[in-house]
Amino acid sequence: MRYFLILLSLTLFPACNQKIETAQGKWIKGTEQEKLEIIENQFRGFDNTMVETGYRYQELFWAGQDENWEYAHYQLEKIQKAIENGLERRPERSESAKHFLNVTLPEMGKALVKRDTAVFNKNFQVLTNSCISCHAMERVPFFTVKTPTERQSPIRR
């Protein structure tokens, strides 16, 4: 029986993989340039970057409240990476993000090293104000950022 299952898997799985491979890419039509544009469109602009950043902003806040400094540092790194990746897609936003990337995030990193909730909270407010300022520079001041009041994630210390 065991040998039968092995033999069966060797015959079925390549067929399954072949069907998957031939089905992939059928929704992307056109010239190579048109296909690239379709793929670029799927990545979208800066809005997906902000969705990720918003999630990580909340996680950073709660990590600081829990004094889970390693998790907070992790979230800070991911915020930076999300913004940097977003700027690759939308380099025209670089000027607005410069202070956030070069000053605000490094200062928050220094606050995390201190492992002090009061210092963290002070720097988190600076981070929040920096978000608000960037949104104003990008002409979306109605994207108001506030300190989280409810947890979205089950991660706790």
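Just so you know, all these numbers are worked out from the coordinates, no wet-lab data involved. All values reported here derive from a predicted model rather than from experimental measurement. All Cβ positions, even for glycine, are placed from backbone atoms using ideal geometry, and neighbour counts span all protein chains on display.
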Once the Cα gyration tensor of region 28-124 is diagonalised, semi-axes √(5λ) in Å: 33, 14, 9
Under 30 Å from the Cα of Lys81 - lysines, other chains or at least 8 residues apart: Lys35, Lys98, Lys110, Lys114, Lys122, Lys146
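Taking a quarter of the surface of the convex hull around the Cα atoms of region 88-139, what do you get in nm²?
For region 88-139, averaging the hull's shadow over all directions gives 3.8 nm².
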Modelled label-to-label distance, Gln65 and Lys122, 7 Å Cα→beta-carbon offset: nm? 2.1
Place +1 on the Cβ of every Lys and Arg and -1 on the Cβ of every Asp and Glu in region 57-109, take the dipole about the Cα centre, and give the residue among Gly109, Ala63, Ile83 whose Cα lies farthest towards its positive end. Ile83
I want the local charge near Lys78. Using Cβ-Cβ distances under 12 Å, sum +1 for each Lys or Arg and -1 for each Asp or Glu among the other residues. -2
Return, for the Cα atoms of region 63-112, the radius of gyration and Dmax in Å, separated by a comma. 12.1, 37
So for the pair Tyr55, Met137, with labels modelled 7 Å out along Cα→Cβ, what separation do we get in nm? 2.6
